[in-house]
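Bear in mind these aren't lab numbers, they're just calculated from the coordinates by the rules spelled out. Quick caveat: nothing in here was measured; it's all calculated off a predicted structure. FYI the Cβ positions are ideal-geometry reconstructions off the backbone, even for glycines, and counts take in every protein chain you see.
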Amino acid sequence: MGRVRVYPNEAVRRVIAFIPEGHLHVRLVLELDDQTIVLQEATVAAIVRAYASVALHPTRRAVELASRRLGKGERKPFYAEWQLLETGRSEEEVLEEAEKLLEEAERPGGGAEAS
């Protein structure tokens, strides 16, 4: 894994969601202070699924998704071949790793992490 950075709201200049001409799926542009990232719909959907899985669950504190290639018979029609799917690692393992990453992360402007 490369360098880890925390991007607070003030480091996000803007977000653009769009469907490119001739395409069917949404792309999401994250324009940050130091770079611009374009995510495909399958990635955004996985992030939303992971977020909802943790934020809306009364006890869950972490979930990990990892990239996996699915054959045509394994995925729903029109779904991407590569998907981010739950790994099955324990919540405790995932939470411990994520907290270490957060501790070591660079912060634009040196600000503290918000709760």
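Here are the numbers for this structure:
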quantity: GNM result for the chain, Cα springs below 10 Å: residue of 71, 22, 88 fluctuating most strongly; calculated: 22
quantity: Net charge contributed by nearby residues that have their C-beta within less than 11 Å of residue 75 (K/R +1, D/E -1); calculated: +2
quantity: Packing-based ranking, highest mean first, of 57-67, 37-47 given that Cβ atoms within 10 Å are counted; calculated: 37-47, 57-67
quantity: Farthest positive-ward along the stretch 9-103 dipole, Cα basis, beta-carbon charges - from 77, 58, 101; calculated: 77
quantity: Sites residue 107 and residue 14 - FRET efficiency at Förster radius 22 Å, r taken between beta-carbons, to 0.05; calculated: 0.65
quantity: Kirkwood Rh and Cα Rg combined as Rg over Rh, evaluated for the chain; calculated: 0.99
quantity: 15 Å beta-carbon shell around residue 53, net charge (K/R +1, D/E -1); calculated: +1
quantity: Neighbour cut-off at most 15 other Cβ (10 Å), DSSP loop, trypsin sites (Lys or Arg not before Pro), the stretch 1-45; calculated: 3
